[in-house]
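J.: Here it is, the structure, as structure tokens.
The values are calculated or read from the model by the stated rules, or taken from the named source; none is laboratory data. Because the structure is a prediction, the values reported are computed rather than measured. Cβ sites come from the backbone with ideal geometry, for glycine too, and all protein chains shown count toward neighbours. Note: areas computed on protein heavy atoms with side chains; ligands, DNA, RNA excluded. Shrake-Rupley method; radii C 1.70, N 1.55, O 1.52, S 1.80 Å.
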Amino acid sequence: ESCPVLVPTLYPTPHPTLRPTPEVVAPVTLCENYGCDGGFVWKLDGPMEDNWVGQKNDKISEIVIQKGWKIEVFRDSNFQGGSKVFEAWDSAQTIELDQHGMDNKISSFKIYELPTSPAPSVTLSEPTVSPTFVCDRTTKQIPINEVLASSTLQSYKLANPLSNIVKVSGTATARTSKASTAYFYLKDTDGNTVGHLNIVPSNYGSKDGSKEFDIPLNGVSSVHMYSWWNSATLSNLVFTIESCPVLVPTLYPTPHPTTSPTAIDKTDYDFIEKVPRMSQADIVKVMNWIKAEVTMVKNEFCWRRSYGRGVGKPLHTCERQGKVKIGALCYSHCPPGMKRFGFDCHSVCPSGSQDQGLFCRWNEYGRGAGFPWKFGDGFNDRGMYKRCERKHGKGKCEKKGAIVYPKCRSGYKPVGCCICRPALPNCDAHNLGGRFDLSCAKKIQIGDPTPMDCAEDEDEDAGLCYKKCRGGYNGVGPVCWGYCDDSQVDCGLGCAKSDDACFEGTYDQVLAPLILAANVASLGLAAPATATATMTIKVAGKVVAGTTRVGKAFVWVVKQLQTTGKIRKVDGKDTFVLNGLKENGFKVLTEIMDPMSMDFNEETKATIYAITDIIEGHTGTNVAKESYQAMRDYKEAFADDFAGQTSTDISDELERNFHPLTARFFKETWAEYSLTELAEAEGWETADTILTTASAVDITGVMGVVDAYAKPECNAIVPFPSTAANLL
């Protein structure tokens, strides 16, 4: 029996949070318009994160989620700000974001695949019946009667915020013979639109409208009214408020009693494997992460990290030199008392002097025709002085010859009757050059041109300017390269622990043998103590034996698989199984566990394996079973020493992110993967036997889809993958 999954709510009969929508191919679709009608339609085809929606920022109004998926949306970029989570457990769902205060307010998001089963089944001794509750509904009328001109907005603030609003109704009256489109926008205390009502009256008529909300609106503190086409009157706004008994929130309805499945007789199976319920894609993501981390630990060579810093541009500024740009060159600023003239600096003429090109001159000036005697003055000078002083001031006139003239200004002396001449200038005091009569030569500072350079936030390389590299990087042309640390040799494009590793890393592009050799070194293999030792294998042309628990288990499983025929899955109708399973086959029961708790959820998968051929000369019984047991022993020993075989950091990160048993599963899976890769690298096969038969019993089916080895970037940080089983 399957029970529907409900969203937590305080109401006994919850309003559906999400409404079903027709099937869409993509797991999650983001739409600009409601109904995905017009605008952009962004189809996302798997688990992903986007910390900045870009051109789609703050433009998403509707989300369509397929069954088995969920999305967490954030108001701000980089997964910041307010957020909401929407899930689709048992059917595709459509979310109208205006019902959740998120319309056109999404800047980043994360998409996850839900676990296959939304919740563990619950068995009760007796069926329970949910009590029936009746919710009370009351209405609240708002005294609004607003006349709105076309395309105008009016606001009305409620005396107190209202909550638990399940319905809003109102009346709109057209004030012209044409149609009007009137809106009531319901806003929360932060100004977010949490709901709206749209009414379209026409031809001076009135029209009532109402809208019910699947999720009760809370915190409505104001109403914004708007008439889009033509003027209208909005009135009779009524809120319907629902009050219900409070129940304890629950994620699941009260389950009906279930009948326990028939118990499985585990004694009928040779091996029982516990596997977390995770998609193959999630398992592969974790395996690829382990591979990347192991590569960085085991490899003595790494590529220097790099990134492009754009196309260089020509030298273009004089800022660093503290000079001024003139044409394509830089010139020093003119000192005080000088100004630019072409490419040079010339003295500025002092106040009171005249700029005459290369000279500054203090000029004479005339004091006019004076005030001569005229009839009526009598036979004295008083008339001439009186007229002069009336114009120039008392005491500011003097007689020269028979005529009275205004006195020369301070610093000037009369020359002849009518000219006032200044004193000879002190050119040195004015910071000028040599004197000639009343003129001082200007000083000239010849321009000192220098080439332009790059701005403060740029580097110059080969005559071009590039943006400065981030800390820890050195720029070479348009590329920024990471530094090698003090313990490494600089190999140009990479860094290594030694000159030999530098050579190998640069010229040997096949990385797998180097990593596999490092893996062998950590297994604890050495030359056998005696020449007659039999528990040995050949690795890289040398005969070795195990010296540690992992090494001994490794040698034993290799020996077993080298003498075992090809293993394959068979079914009960297979003639070979019926005739030979007793001696050369085995049965495996796979129990699917909850990855978060590793509790058994009663889902199993039984598989029969058998050997299709027996190696010539090998007549042992149950050789397939022995080989499988040897593989299990090796995986357990490897997982027990996982930190030593990989690194403490890798082991700790697995245990930090997963349930201990789920982390153990990944450690054992990596052990099996390492063995199959080493087998292929060494070419361990004879006749119809191949050691990669170990992957024939790959429970999860991931052995063939893990990424190939790739030389790592120096100091690279590989983020731990996000899966449905992560505890963090």
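J.: Residue-wise, which Karplus ³J(HN,Hα) couplings in Hz belong to the stretch 194-209, taking 6.51 cos²θ - 1.76 cosθ + 1.60, θ = phi - 60°, and x for glycine or proline?
T.: 9, x, 8, 10, 10, 10, 10, x, 7, 6, 6, x, 9, 9, 8, x
J.: Tell me, how many Å apart are the Cα centres for the stretch 204-238 and for the stretch 543-562?
T.: Taking the Cα centre of each part, the stretch 204-238 and the stretch 543-562 sit 79 Å apart.
J.: Another question, then. For residue 192, what is the net charge nearby, where nearby means another residue's Cβ is under 13 Å from its Cβ and Lys, Arg count +1, Asp, Glu -1? Can you show the working numbers first?
T.: Details: positive: 75, 84, 105, 187; negative: 58, 98, 103, 188, 190.
After counting each charged neighbour, the total is -1.
J.: Taking amide H positions as placed in the peptide plane 1.01 Å from N, state which residues far from residue 539 in sequence (5 or more) or on other chains have amide H under 5 Å from it.
T.: Distant-sequence amide H within range of residue 539: 544.
J.: Cα to Cα, under 29 Å, and not fewer than 8 places away if on the same chain: which lysines meet these conditions relative to residue 339?
T.: Correct list for residue 339: 323, 325, 442, 443.
J.: Determine Rg/Rh for the stretch 437-504; Rg is computed over alpha-carbon atoms and Rh is the Kirkwood hydrodynamic estimate from the same atoms. Could you put the intermediate results ahead of the total?
T.: Numbers: Rg = 23.6 Å, Rh = 16.2 Å.
Result: Rg/Rh = 1.46.
J.: Roughly how many Å² of residue 79 are accessible to a 1.4 Å probe, to the nearest 10?
T.: Approximately 50 Å² for this residue.
J.: Mind ranking 676, 530, 139 by accessible surface for me, highest first, 1.4 Å probe?
T.: 139, 530, 676
J.: Still on this structure: How big is the C-alpha Rg of the stretch 269-309 next to the rule-of-thumb value 2.2 N^0.38 Å, as a ratio?
T.: Dividing the Cα radius of gyration by 2.2 N^0.38 Å gives 1.90.
J.: Short version: ³J(HN,Hα) in whole Hz for each residue of the stretch 307-314, in order, from phi by Karplus 6.51 cos²θ - 1.76 cosθ + 1.60 (θ = phi - 60°), x for Gly and Pro, what are they?
T.: Result, ordered by residue: 7, x, 10, x, 6, x, 10, x Hz.
J.: Whose amide H sits under 5 Å from the amide H of residue 158, counting only residues 5 or more places off or on another chain, with H placed in the peptide plane?
T.: 222, 223
J.: In addition: Would you be so kind as to identify which of 476, 455, 487 lies farthest towards the positive end of the dipole of the stretch 379-514, taking Lys and Arg as +1 and Asp and Glu as -1 on Cβ and the Cα centre as origin?
T.: So the residue we want is 455.
J.: In whole angstrom, how far apart do the alpha carbon centroids of the stretch 348-405 and the stretch 463-478 sit?
T.: The distance from the Cα centre of the stretch 348-405 to that of the stretch 463-478 comes to 73 Å.
J.: Could you list which residues have their amide H under 5 Å from that of residue 474, counting only those 5 or more apart in sequence or on another chain, with H placed in the peptide plane?
T.: 481, 482, 483
J.: Sticking with this structure for a sec: Could you run the Karplus curve 6.51 cos²θ - 1.76 cosθ + 1.60 with θ = phi - 60° over the stretch 664-678 and give me ³J(HN,Hα) per residue in whole Hz, x for Gly and Pro?
T.: Once rounded to whole Hz, the list reads 4, 4, 5, 5, 5, 5, 5, 4, 5, 5, 4, 5, 5, 5, 5.
J.: Next question. Give the shape of the stretch 304-441 as rounded, prolate or oblate, defined through the alpha-carbon gyration tensor: a ≥ b ≥ c are the square roots of its eigenvalues, a/c under 1.5 means rounded, and otherwise the shape is prolate if a/b is larger than b/c and oblate if not. Walk me through the intermediate numbers first.
T.: Values: a/c = 5.74, a/b = 3.95, b/c = 1.45.
It is prolate, given that a/c is not under 1.5 and a/b is the larger ratio.
J.: Near residue 552, which lysines are there with a Cα under 17 Å away, not counting those fewer than 8 places off in the same chain?
T.: Answer for residue 552, where 17 Å is the Cα cut-off: 538, 542, 635, listed by chain and number.
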